[in-house]
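A quick write-up on the structure given underneath.
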Number of protein chains: 6
Amino acid sequence: MARVDGRSDDELREVRITRGYQDWPAGSVLVEFGRTRVLCAASVQDGVPRWRVGSGLGWVTAEYAMLPSATNTRGARESVKGRIGGRTHEISRLVGRSLRACIDLAALGENTITLDCDVIQADGGTRTAAITGAYVALADAITWLGAAGKLSDPKPLSCSISAISVGVVDGRVRLDLPYEEDSRAEVDMNVVATDHGTLVEVQGTGEGATYTRSTMDKMLDFALAGCGTLSEAQSAALAEPYPGELPGKRS
Amino acid sequence: MARVDGRSDDELREVRITRGYQDWPAGSVLVEFGRTRVLCAASVQDGVPRWRVGSGLGWVTAEYAMLPSATNTRGARESVKGRIGGRTHEISRLVGRSLRACIDLAALGENTITLDCDVIQADGGTRTAAITGAYVALADAITWLGAAGKLSDPKPLSCSISAISVGVVDGRVRLDLPYEEDSRAEVDMNVVATDHGTLVEVQGTGEGATYTRSTMDKMLDFALAGCGTLSEAQSAALAEPYPGELPGKRS
Amino acid sequence: MARVDGRSDDELREVRITRGYQDWPAGSVLVEFGRTRVLCAASVQDGVPRWRVGSGLGWVTAEYAMLPSATNTRGARESVKGRIGGRTHEISRLVGRSLRACIDLAALGENTITLDCDVIQADGGTRTAAITGAYVALADAITWLGAAGKLSDPKPLSCSISAISVGVVDGRVRLDLPYEEDSRAEVDMNVVATDHGTLVEVQGTGEGATYTRSTMDKMLDFALAGCGTLSEAQSAALAEPYPGELPGKRS
Amino acid sequence: MARVDGRSDDELREVRITRGYQDWPAGSVLVEFGRTRVLCAASVQDGVPRWRVGSGLGWVTAEYAMLPSATNTRGARESVKGRIGGRTHEISRLVGRSLRACIDLAALGENTITLDCDVIQADGGTRTAAITGAYVALADAITWLGAAGKLSDPKPLSCSISAISVGVVDGRVRLDLPYEEDSRAEVDMNVVATDHGTLVEVQGTGEGATYTRSTMDKMLDFALAGCGTLSEAQSAALAEPYPGELPGKRS
Amino acid sequence: MARVDGRSDDELREVRITRGYQDWPAGSVLVEFGRTRVLCAASVQDGVPRWRVGSGLGWVTAEYAMLPSATNTRGARESVKGRIGGRTHEISRLVGRSLRACIDLAALGENTITLDCDVIQADGGTRTAAITGAYVALADAITWLGAAGKLSDPKPLSCSISAISVGVVDGRVRLDLPYEEDSRAEVDMNVVATDHGTLVEVQGTGEGATYTRSTMDKMLDFALAGCGTLSEAQSAALAEPYPGELPGKRS
Amino acid sequence: MARVDGRSDDELREVRITRGYQDWPAGSVLVEFGRTRVLCAASVQDGVPRWRVGSGLGWVTAEYAMLPSATNTRGARESVKGRIGGRTHEISRLVGRSLRACIDLAALGENTITLDCDVIQADGGTRTAAITGAYVALADAITWLGAAGKLSDPKPLSCSISAISVGVVDGRVRLDLPYEEDSRAEVDMNVVATDHGTLVEVQGTGEGATYTRSTMDKMLDFALAGCGTLSEAQSAALAEPYPGELPGKRS
């Protein structure tokens, strides 16, 4: 049974990575996985959260959110509801945790990098696009910090981080699910991996269905291959010169 | 004393209006006043707020917000703080009130149009850009509703709406203030007007200074001329065919 | 078409200003515009908000609220709802901004004056009555601070501040609208002015209607004349000796 | 050891009860116990809380609050804090429970009377003044409901309700404590009683001290006598004709 | 008319006190009054609330809560509702106030003991069981603090504290009401007393009924006798060696 | 390198399952994994959430929480903070999702089962204990519903569900981590599985470390074996007659 968009089961949607999307943050990336578009900004702030003061270590954290107009049916604004939903919390924590896996926090000194991942348009895989784009924004912020003489170690990133979704749809293991597949998937898994092929995070869920160990193995195969392709796209994007003016000019 | 960006005192920054920026909402416009960029989406929802049920009238409302990464220094997310600030409330109400001035709500039937104005990048004048862009998104949503056979009157918009800031900087009346001027203005005024040259809303404030009646008169002159130029830009944008697929295709 | 209460179009309702209404605050004024009654208290507190610490400057801020029983139909208590509504925020900010226009904050040292404006009974024009009464309470608080030896400059008030509403009702420009007129006004404007005849704030709104430049001009004429009368009433009230004991005796 | 204000141990402060203080609510009473002043308004609303719908019974509830400017040192506004404190909750519940003891809720039909008790000035005993004033406002609201033909039983009030504080100060049992005594009392008790001399509520607390059974007995003696005097003051106030126009005229 | 469980009117339900129920807190007690079961934990924390810093005094506070599954019909979780209800606030304050009556806070130094009273199963009398159990947990925490050398006075507890409910059911005064009696009681009173027979707190309420002075006297007689029995049960429990390992081992 | 408690790397802590722990819920289970103790209650309520009304389907949801006294250092109460933390949200969602994998929701009709998992004492693995205990509580609630004639299909559970943690500590893959191991684990994974050996959910995280595909494989081996042992313990517990009275007697 063919996929609606004609891709083969283990094929990614078209990936586009646009650096320097905004003028003020130290890193700002628009990442697109097909119709899914996420704006990932890396802002540098002096100081660290209270529980970390005096440690000499920096901090990297993330906040994920969805514009009300990003989805098919308008979503209520969490600021208006006065509380952040469980899904938002969960993804924010996932993004922060994933990016902390690649960085030596001691090199930052007591500074914080906040990765804001705001979904402009949602069509499945927003959290994996967010992680993939946030890595590029983080890399640009690190370059900016280095240029500003604020790093004790000039190369604090030990690897790159990317993420992809994989699932079982129509009884077949498929990579990078758009909303149309995601909403009817029997199993849904998100995998975060490094460019060395090691795993950072695996979250696999079967709602209304369970899955065998061999399906698990095949999903991991697809996802690790997909992350390999994404890490190449990240490298290619970062090999270009920074577009326009230097980021964070105003600060 | 010349302006930093070389404009004359009564000159607007470059205005760009991009329709069809997102795929799902019935209207979606990226509006730019120089470096200020606001995404304005018009979403159509069945039904009206509880206090209006049974009236036979529709409703138009707005929500304004700022991405944390939109400003020079990262701003805290209002959803995380758990409450909306006074400034956000004030601007959301202004945008909604302004756009309701041009529409016959009876023509909508009991349907609601929500205008989400999310600031992608802030450089002064975000509320006036939001109003100006929201009008274009509203016009596209009205076209979409008409095509869907949901309007009792095919032309419910009686005029167009635009808005501009004006103020006193360095002792001179100036139009369309960027952040650099806005942050040190002695008087700051926002004017919302129609393409007929009538006024919808005037909000003039002198914090730390007061202003004479003749300054007030000159500010109104500049602002009404600026709104005239903006309403031409809106007409020109709306004269183009809708880019790409029809909006709100998925709904 | 005559007004229900028999006033001419440019006439104020009866204004009463009662100083020393409460015993503890440094200034406490009950102001009445006809049936509208607002209790304005000026409380002095050591210290300033965090963002201002170390500046050597004082701060003046305001909080506006409505008793649930003040309105025709009982209003829900904002403390019970757990959040402050947009209208309340907007008016609190307006009152604070307006009063800061008349005071040299350096003279206060790092002290804060909070102006609490609690509406006891609402019949239109509560925000303008609040500003007019808050000025008198502020003046009394300044006298109290001077007597306590806490001012670096004995005359920190450069002018007086008053405010009045004006609007278009039944097609006519009218001053100082009671609820009966306000609720069906085509245009509604609030003007804050000094006793020198200069403007502090102008907020004019046409909901469901727009207005011409010449209507705008006539509304400004009426409002500036009305503020002139109010500033005389403020002077007369402040010319009396402080009633009863000295304010803030207990502190 | 004499009391600061010269009263004997079992003597009340001067009590003043002013009916018709506000124009819109069905009952509105300013009650004063010495310098303590509480505005008690009784508003009638159609319908009952959801858990009571269909019961055929009415509901009486209360909300107590303190103006920020009512106290010696300005108190933070609970609407601004976004939550109601424990003390406010506790007193609101006490007032509602106390007043429900005198009324046949079946006679109201499915209507709600809300008793808003807003403290204008605090000098000890605000909760007992609130209960005493709320009874008078409730009686006026009942008269108003009767005149409007909304009562199934014309006399739904079976008794009157008043309340007083009593405590141990300087080792002596004393009645109706002002702030100066209340703040250093060893034992503090509030008693709510009917004009028949029966008890509705007794709340006695020794913080930092405990008290014997015989002290308890003496406190009850003083309090029941004080409530007797208060119920006479209520009767006298209600024997007067309603001042000015009929309450709730506008509704 | 006999009681459902066969007790005489002045008889307590079976009382069980289990110390050392949890491993980490300095004191942890499961107290049972018949089917009512409350887990009372006393946790020691360095420091005191901000308003007490620098006083040299310690602090004892309490938080009462009910598991959703503790009641007959599942109760909504207050953390999910985002606010604590009036009843919870009221009881938390009662428990804290009651326990502070027996301790010399100066002996603690600037340390805080928090008494968490979590109701595992509710069958009437949860607040009185909480107070009775919290005293035993507090006593164990004091022993732990003494062993850790953190007390300036080795015997800071001047008495023991217990509490019991009493009410009027079927026209008869009865002690220790289970839910079946409590839910239809005409009068409901909670009494907190010391092992010396003095009173700490009396809270008597007649909702829908009032009560005479002689009923009040009889309720106090029953309650003081009941508290006497409870204080013996507390002594007996505390006379046993601490079960298992020392509490708070991990800290 | 041996484990502190002497277990082999693939060995579970002692598991105890106590049914009928509370009297009111339809199922109530205390589950213990070593020192970790979680109370799991299954409450049945008429009706389903609003978005599911009219579907004919039932709903199973879960709420996880931690008593403040459950942890080594007292944790702040989420009801007092006024919001639920990210971790709590995440685990509540995990528990609900996991249990929905074993049940045919159509058989419930439009009824809701809420699984409250309250941690009495925490020593690592609280979420996996919660899932394991919640299954047993759910099974008892299903029996109760069947006895009450409320199931359209008498056997709506298609399998049993259990969960276990596994991680990398001291460079070795280890099963069922207590707090002492969990707090320093390099990789931490939770696995939810059925008694058929299929997977429901896999969540593996390396904070500060990444892990290879072969480590992933070994962790899955250990976890699936552990879940096998847990499902036998569940079966054994459910094979016993229900202790004491029938659950939910009062409802």
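Is it fair to say F:Arg13 is in contact (Cβ under 8 Å) with a residue 24 or more places away in the chain, part of a loop (DSSP other than H, G, I, E, B) and crowded, with 19+ Cβ neighbours inside 10 Å? Taking the combined requirement at face value, the residue satisfies it. Scanning region F:234-251 for residues that are open to solvent by 30 Å² or more (accessible area, probe 1.4 Å), touching a helix residue (DSSP H, G or I) at 6+ places or on another chain (Cβ under 8 Å) and at pLDDT 95 or above yields one hit, F:Leu238. Selection of region D:218-227 for residues being open to solvent by less than 30 Å² (accessible area, probe 1.4 Å) and farther than 20 Å from D:Arg19 by Cα yields D:Met219, D:Leu220, D:Ala223, D:Gly226.
Only a single item in (1) among the polar types (S, T, N, Q); (2) out of contact with any Asp or Glu (no Cβ under 6 Å at 6 or more places or on another chain); (3) open to solvent by 10 Å² or more (accessible area, probe 1.4 Å) is not met by C:Gln121, and it is number (3). Can you tell me which residue in region D:101-115 is nearest to D:Val44 (Cα to Cα), limited to those that are within 18 Å of the chain's Cα centre (by Cα) and within 14 Å of chain E (Cβ to nearest Cβ)? Restricting to residues being within 18 Å of the chain's Cα centre (by Cα) and within 14 Å of chain E (Cβ to nearest Cβ), the top hit is D:Ile103.
For B:Thr143, the stated conditions do not hold, so it cannot be described as modelled with pLDDT of 95 or more and touching a Leu at 6+ places or on another chain (Cβ under 6 Å). So is B:Ala134 buried (at least 20 other Cβ atoms within 10 Å of the Cβ) and within 14 Å of chain C (Cβ to nearest Cβ) or not? So B:Ala134 does not fit the description; no.
Taking region E:46-65, which residues are in contact (Cβ under 8 Å) with a residue 12 or more places away in the chain and among the basic types (Lys, Arg)? Of everything in region E:46-65, just one residue is in contact (Cβ under 8 Å) with a residue 12 or more places away in the chain and among the basic types (Lys, Arg), namely E:Arg52.
Residue-wise test of (1) facing another protein chain (nearest Cβ under 9 Å); (2) over 21 Å from the mean Cα position of the chain (by Cα); (3) open to solvent by less than 20 Å² (accessible area, probe 1.4 Å).
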{"residue": "D:Leu157", "(1), (2), (3)": "no, no, no"}
{"residue": "D:Gly171", "(1), (2), (3)": "no, yes, no"}
{"residue": "D:Ser183", "(1), (2), (3)": "no, no, no"}
{"residue": "D:Gly204", "(1), (2), (3)": "yes, no, yes"}
{"residue": "D:Tyr211", "(1), (2), (3)": "yes, yes, yes"}
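Of all residues in region E:170-181, those that are of a type in the set (Phe, Trp, Tyr) have Cβ atoms under 9 Å from Cβ atoms of residues that are open to solvent by 60 Å² or more (accessible area, probe 1.4 Å), 6 or more apart or on another chain, in E:Tyr179/E:Arg35; E:Tyr179/F:Arg250. When A:Leu30 is tested against (1) hydrophobic (A, V, I, L, M, F, W, C); (2) buried (at least 19 other Cβ atoms within 10 Å of the Cβ); (3) facing chain B (nearest Cβ under 9 Å), just one condition goes unmet, and that condition is (3). Among the listed residues C:Leu220, C:Leu199, C:Leu151, identify the single one that is among the hydrophobic types (A, V, I, L, M, F, W, C) and away from every other protein chain (no Cβ under 14 Å). Only one candidate passes the filter, namely C:Leu151.
Of all the listed residues (C:Arg93, C:Arg127), the sole one being within 14 Å of chain B (Cβ to nearest Cβ) and at pLDDT below 95 is C:Arg93.
Scanning region F:66-78 turns up at least one residue that is in a strand (DSSP E or B) and touching a residue at least 40 places away in the same chain (Cβ under 8 Å).
Among the conditions (1) in a loop (DSSP other than H, G, I, E, B); (2) farther than 28 Å from C:Ile91 by Cα, B:Ile142 misses just one, which is (1). Of the residues D:Thr194, D:Thr215, the single one that is facing chain E (nearest Cβ under 10 Å) and in contact (Cβ under 8 Å) with a residue 60 or more places away in the chain is D:Thr194. Taking (1) closer than 19 Å to F:Ile17 by Cα; (2) in contact (Cβ under 8 Å) with a residue 40 or more places away in the chain; (3) not polar (S, T, N, Q) in turn, F:Ile113 satisfies each apart from (1).
Could you check, for region F:36-44, whether at least one of its residues is under 21 Å from F:Ser162 (Cα atoms), within 14 Å of chain E (Cβ to nearest Cβ) and either surrounded by fewer than 19 Cβ atoms within 10 Å (Cβ to Cβ) or of a type in the set (Val, Ile, Thr) (or both)? Within region F:36-44, one or more residues are under 21 Å from F:Ser162 (Cα atoms), within 14 Å of chain E (Cβ to nearest Cβ) and either surrounded by fewer than 19 Cβ atoms within 10 Å (Cβ to Cβ) or of a type in the set (Val, Ile, Thr) (or both). For region C:65-87, the set of residues classified as within 15 Å of B:Gly85 (Cα to Cα), more than 7 Å from chain D (Cβ to nearest Cβ) and open to solvent by 30 Å² or more (accessible area, probe 1.4 Å) consists of C:Arg87 only.
The values are calculated or read from the model by the stated rules, or taken from the named source; none is laboratory data. On a predicted model such as this, the values are computed, not experimentally measured, just so you know. Cβ sites come from the backbone with ideal geometry, for glycine too, and all protein chains shown count toward neighbours. Ligands, DNA and RNA are stripped out before the accessible areas are found, and what is left, the full protein with its side chains, is counted by its heavy atoms. Shrake-Rupley method; radii C 1.70, N 1.55, O 1.52, S 1.80 Å.
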